[in-house]
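No value in this document is a laboratory result; all are computed from the given coordinates. All values reported here derive from a predicted model rather than from experimental measurement. So basically every Cβ, Gly included, is an ideal-geometry build from the backbone, and we count neighbours across all protein chains shown.
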Amino acid sequence: MNRFLFCILSFVCTLFVSSATRAQALIAEEVSIQRQMEAVEAVALRNMLLNEVNSVPSAHMYPEWKNSKVHFNHSLPDSFRIDLRGFVMPTTNTKITDKFGYRPRRKRVHNGLDIKVNRGDTIYAAFDGKVRITAYQRRGYGHYVVVRHHNGIETLYAHLSKKLVVENENVKAGTPIGIGGNTGRSSGPHLHFETLLLGKCLDPALMFDFKNQDVTGDFYLYRRPGSKYIENGVVKIAGPEKKYHKVKQGETIGKIARKYGVEQEMIFKLNKLNSRSIIRPGQTLRYQ
């Protein structure tokens with residue numbers, strides 16, 4: 001009898017151990033499946049976020065995505081740091097034929113830089129981003145492309161002979177986006193290049209050094225004119241962007257003032273000069 005009970009107890013224990021082992025195996029399998037599901041969900045979430053970023057660059061900054069107007073009015077932050085790393089120069093050409101700013105002879109503002117290019121030269125996207133506009137203006141930009149970048153700015157490339165991208169296409173820095181030309185309001189083959197922040201044109205020379213085929217630094221800090229900021233513990237007010245002119249042979253302060261649409265007295269004040277001061281070729285003068 002005792003032996004019979006012992007056999008029964010042994011059988012029950014064996015069943016219990018076997019059941020426990022199977023239960024542990026099932027739990028382990030369930031944990032493994034759960035981890036795999038979490039990994040899949042993490043990858044899916046990451047891909048979803050990447051797709052969202054790639055779908056509309058700088059979506060958190062810009063109010064909307066439209067394939068229409070180049071320039072628009074939108075409030076600017078007091079300051080914004082633009083990441084210039086990972087750039088590619090839009091063209092390998094280095095000669096600037098027209099600068100950013102007011103053109104007295106044409107009585108209008110030039111919103112970008114003009115860089116001498118030849119017909120057939122390849123034009124490249126400056127940063128990673130997404131093409132917002134590809135269009136044609138017979139009396140303006142000619143064939144042109146606007147790209148919105150992940151670093152918050154937009155770049156415009158105008159007077160192209162041909163566009164190589166389409167609207168809503170994702171591009172990388174260095175992607176060929178057009179061919180140099182002379183379309184639109186243009187007196188000769190060149191690239192009109194603009195840099196914009198929330199619809200406002202900034203001087204491309206603040207970020208791009210075409211002569212040396214480089215950017216001006218890893219970052220460019222934009223400060224809205226009139227905004228307050230603290231530097232070395234001192235509260236300061238951001239003034240207008242500083243602009244300079246390199247004196248050429250035969251130029252006078254009066255001629256320089258007329259060129260940029262400013263008063264001579266402003267040039268005197270900014271450079272600590274007076275009406276009797278002598279300027280020489282090669283000298284750099286601040287005019288704004």
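The local environment of SER68, defined by Cβ-Cβ distances under 14 Å, has a net charge of +1 under the rule Lys, Arg +1 and Asp, Glu -1. Put simply, the amide H of GLU167, placed in the peptide plane, has neighbours under 5 Å in THR134, leaving out anything fewer than 5 places away on its chain. List the pairs from LYS66/LYS200; LYS116/LYS172; LYS99/LYS246 whose alpha-carbon separation is above 18 Å, in the order I gave them. Where the Cα-Cα span goes over 18 Å, the pairs concerned are LYS116/LYS172. Around the amide H of PHE219, modelled in the peptide plane, lie the amide H atoms of LEU84, all under 5 Å away and 5 or more residues distant in sequence or on another chain.
For MET266, MET89, what's the fewest-to-most ordering of other Cβ within 10 Å of each Cβ? Provide the component values of the computation, followed by the final result.
Details: MET266 14, MET89 19.
Listing MET266, MET89 from fewest to most nearby Cβ atoms yields MET266, MET89.
Sorting the segments 65-75, 134-144, 194-204, 213-223 by their mean number of nearby beta carbons within 10 angstrom, highest to lowest, gives 194-204, 134-144, 213-223, 65-75.
Show me 153-163, 174-184 ranked by packing, highest mean number of other Cβ atoms within 10 Å first.
Details: 153-163: 23.3, 174-184: 19.2.
Peptide ranking by packing, descending: 153-163, 174-184.
With neighbour counts taken as other beta-carbon atoms within 10 Å, the residues MET61, MET207 rank, fewest first, as MET61, MET207.
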